Amino acid sequence: INAEYGESERSQNAMNQGSDANDANEGSLGEMHPGDDWLVVADHDPTGYGECHEVVLACADKLSSRVMEDESMASQLTTLARLHGQMKQLEEVEHTLEVKGFNGCRALAHVTRAVCTELNSELSENRTIADTLCRQLSAIASVADLVLKLDGDGLFATAETSASVTAEGELLYDSGEWQSFFEAPSMFGLQLQSSLRAPLWMIVLATSSIKSNDPNAPAPSLITGGLKIAMSIVCGHNVSDIADSRAAQSVSVIKQFWDLPESVVVGSLPKMALPQVSVDQTFRVPTQAGESVQVRIMSKTPIMLSLPGEAQEESLLGSLSVKTQVPMKPYLILHVHGGGFVAQSSYSHEVYLRTWAADLEQAVIISVDYATAPEAQYPVASDNVLDVYRWCIANESKIGWGGDSLVMVGDSAGANLAASACVQLAREQTTRSPAGLVLVYPALYLGRKLSPSRLLSMWDPMLPKNMLETCVEAYLPPTADPDTDPRVSPLVAENEILCNFPWTHCVAAGCDPLIDDSSTFVHRLNQAGARASLQVMEGLPHGFLHFGLLSTPCRDAISQTAQQMSMMLKEGVTQYQTDQEKAALKMLHAELQCRLVKNNC
């Protein structure tokens, strides 16, 4: 290996090298935490490939010294050689890509680096664990083979290649090679921040109680799910149960399980540790379809409200002194929750909404409880978001907002819906645009074209491939085309639409099958002349906003997202005032022109 790929001296310091500096363009967290040494990215190696090469060679050096004692390790040495060559090829591929910055190729290199770092420490300690880690590396190598088969100038391959690679990926999935990532908690999620491994392992154990061979079976209750986790911890878990839970599930089972945080028992517990707010109330907003959609309004301090329905108005103002005049708040944040288009509501997202309300005291937060699939398919949810946005613009004083500036924010499927609403606003150009759009681990492409990060769903704890596909199929009717309709997949919007987008900031998770959506979308927006930026939270999974109470890096990410919205809101005030002045001057100019024409006549 050293003769073919590099000198062994390069690997001697591979396990100790590092720096707290990260690529400034990628906006990584930068803060180090115990057990996360593999996350360090050196100044001279912002992409992380160099560190990956050195760690692989360090493992090869250590493993080669043991091959003479145990010939069975020869195959593991071959796997390392294969991986080293693949990482070199991925690095070369990235140089040819139009889309720059963090992407699925780098995420794959980071997984390789994390597993090799652990393997290097276990080779002399525990042969069983070392064997499992080697099987993980073999699975990574198999996925890397598929990634290297993807074509195209961007991160997403052509439809023909994607279909071919998908077929090979199904065979790889059926082989069960990926199951090595779930054999033991000590070897689970090595690519993740250490503080998140235990919580995510609990989620994996909980979802393993779902049986895919019985689509009519109810989702586990809080009690049965808790017992399942307890038994798995005490007696050990069955990997086949995890494999079943990651297979194709019915929408009803996924929906019921994901809605467990909606229960009063589960949902109320985090509130004890969250910031208190003066206003937390729901009401309904009329839609253009003649129906209504529920929204939640939240504010840290009292606000004067005038909402539909006397009972709701009286209830909200009852927490205030009705005689006290409360000034309007200058900022509005319109939030769209995630949940795969099929589940959850603003209630289960209060775990970070309350933190944002506390951090952004001058803002009113409105969260949209849009209609979910499969009962309401596209474009109902997207229209719900657009209707609420327009209602807020037209009724600013009723929600305690002074109208100075507003920002839209969404996570996961909610980010798709927020971007979809902006697509329509950019098309019409008749309604006031938001000052900013914040998309947190967004799903911006709902078609079947593959990208490198999509293939990482093979072992992803939060977004298994089959679950992702099931949710998309439930959301989209047969008439919807995710490859041509930008309201379905904002990633495919034409430049004529993208150039009218507001300032867009994507917050991506470094360990997320959807990270290529963010990288590609920011690239396309910049190409179209719009203002866009990307921030990658390395070592964090999809859904990290929900883990703020359990993980310091997640709390940091929640705070950084609030800071970004604050920056957009403040800049939006100046921009709105400038736009108003321009509009007034334009009207004055038109009036003067009319008078001149009239006088001449």
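Which residues, counting only those in the stretch 148-163, are open to solvent by 30 Å² or more (accessible area, probe 1.4 Å) and assigned to a helix (DSSP H, G or I)?
LEU148, LYS149, ALA159, GLU160, ALA163
Looking at the stretch 564-601, which of the residues that are open to solvent by 100 Å² or more (accessible area, probe 1.4 Å), among the hydrophobic types (A, V, I, L, M, F, W, C) and in a helix (DSSP H, G or I) is modelled with the lowest pLDDT?
In this case the residue turns out to be LEU585.
How many residues are buried (at least 20 other Cβ atoms within 10 Å of the Cβ) and not aromatic (Phe, Trp, Tyr) if we restrict to the stretch 180-196?
Counting residues in the stretch 180-196 that are buried (at least 20 other Cβ atoms within 10 Å of the Cβ) and not aromatic (Phe, Trp, Tyr) gives 8.
Mind checking which residues of the stretch 426-437 are part of a helix (DSSP H, G or I) and touching a residue at least 40 places away in the same chain (Cβ under 8 Å)?
Across the stretch 426-437, the qualifying residues are ALA426, ARG427.
Within the set of pairs 6 or more residues apart or between chains, which connect a residue that is farther than 20 Å from ALA109 by Cβ inside the stretch 190-202 to a residue that is in a loop (DSSP other than H, G, I, E, B) and of a type in the set (D, E, K, R) with Cβ atoms less than 6 Å apart?
none
Can you find a residue in the stretch 402-413 that is touching a residue at least 40 places away in the same chain (Cβ under 8 Å), open to solvent by 10 Å² or more (accessible area, probe 1.4 Å) and farther than 21 Å from ASN103 by Cα?
Checked the stretch 402-413: at least one residue is touching a residue at least 40 places away in the same chain (Cβ under 8 Å), open to solvent by 10 Å² or more (accessible area, probe 1.4 Å) and farther than 21 Å from ASN103 by Cα.
Which numbered condition in (1) charged (D, E, K, R); (2) closer than 27 Å to SER533 by Cα; (3) part of a helix (DSSP H, G or I) is the only one that GLU98 fails?
Result: GLU98 fails condition (3) only.
Could you tell me whether ASP145 is at pLDDT 95 or above, assigned to a helix (DSSP H, G or I) and surrounded by fewer than 19 Cβ atoms within 10 Å (Cβ to Cβ)? Quick ask: steps written out before the conclusion?
Numbers: at pLDDT 95 or above: yes; assigned to a helix (DSSP H, G or I): yes; surrounded by fewer than 19 Cβ atoms within 10 Å (Cβ to Cβ): yes.
Yes.
Please count how many residues of the stretch 374-401 are open to solvent by 20 Å² or more (accessible area, probe 1.4 Å) and among the β-branched types (Val, Ile, Thr).
Result for the stretch 374-401: 2.
Would you check which residues across the stretch 328-362 are small (Gly, Ala, Ser) and either surrounded by fewer than 22 Cβ atoms within 10 Å (Cβ to Cβ) or at negative phi (or both) and list them?
Listed by number, the residues that qualify are GLY338, ALA343, SER345, SER346, SER348, ALA357, ALA358.
Filter the stretch 475-495 for residues that are open to solvent by 10 Å² or more (accessible area, probe 1.4 Å) and not β-branched (Val, Ile, Thr) and give the result.
The answer is LEU476, PRO477, PRO478, ALA480, ASP481, PRO482, ASP483, ASP485, ARG487, LEU491, GLU494, ASN495.
Yes/no per residue for (1) in contact with a His (Cβ under 9 Å, 6 or more places away or on another chain); (2) at pLDDT below 95; (3) surrounded by fewer than 22 Cβ atoms within 10 Å (Cβ to Cβ); (4) not aromatic (Phe, Trp, Tyr):
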{"site": "ILE497", "(1), (2), (3), (4)": "no, no, yes, yes"}
{"site": "ALA509", "(1), (2), (3), (4)": "yes, no, no, yes"}
{"site": "ASP517", "(1), (2), (3), (4)": "no, no, no, yes"}
{"site": "PHE521", "(1), (2), (3), (4)": "no, no, no, no"}
{"site": "LEU525", "(1), (2), (3), (4)": "no, no, no, yes"}
{"site": "LEU540", "(1), (2), (3), (4)": "no, no, no, yes"}
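Run down THR112, THR96 and say which single residue is among the β-branched types (Val, Ile, Thr) and open to solvent by 20 Å² or more (accessible area, probe 1.4 Å).
The unique qualifying residue is THR96.
Could you please find all residues in the stretch 123-138 being surrounded by 18 or more Cβ atoms within 10 Å (Cβ to Cβ) and either farther than 12 Å from GLN76 by Cα or of a type in the set (Asp, Glu) (or both)?
If the condition is that a residue be surrounded by 18 or more Cβ atoms within 10 Å (Cβ to Cβ) and either farther than 12 Å from GLN76 by Cα or of a type in the set (Asp, Glu) (or both), then ILE129 is the only one that fits.
Please pick out the residue among MET462, MET458 that is surrounded by fewer than 24 Cβ atoms within 10 Å (Cβ to Cβ) and touching a His at 6+ places or on another chain (Cβ under 7 Å). Quick ask: steps written out before the conclusion?
Working: MET458 fails: touching a His at 6+ places or on another chain (Cβ under 7 Å).
Of the residues listed, the single one that is surrounded by fewer than 24 Cβ atoms within 10 Å (Cβ to Cβ) and touching a His at 6+ places or on another chain (Cβ under 7 Å) is MET462.
For ASP481, only one of the following conditions fails: (1) over 15 Å from GLY447 (Cα atoms); (2) without any contact (Cβ under 8 Å) to a residue 40 or more places away in the chain. What is its number?
Just one mismatch for ASP481, condition (1).
The values are calculated or read from the model by the stated rules, or taken from the named source; none is laboratory data. Note that the structure is a prediction, hence the values are computed from the model and not measured. As a convention, Cβ positions derive from the backbone with ideal geometry for all residues, glycine included, and neighbour counts pool all protein chains shown. Accessible surface areas use protein heavy atoms only, side chains included; no ligands, DNA or RNA. Shrake-Rupley method; radii C 1.70, N 1.55, O 1.52, S 1.80 Å.
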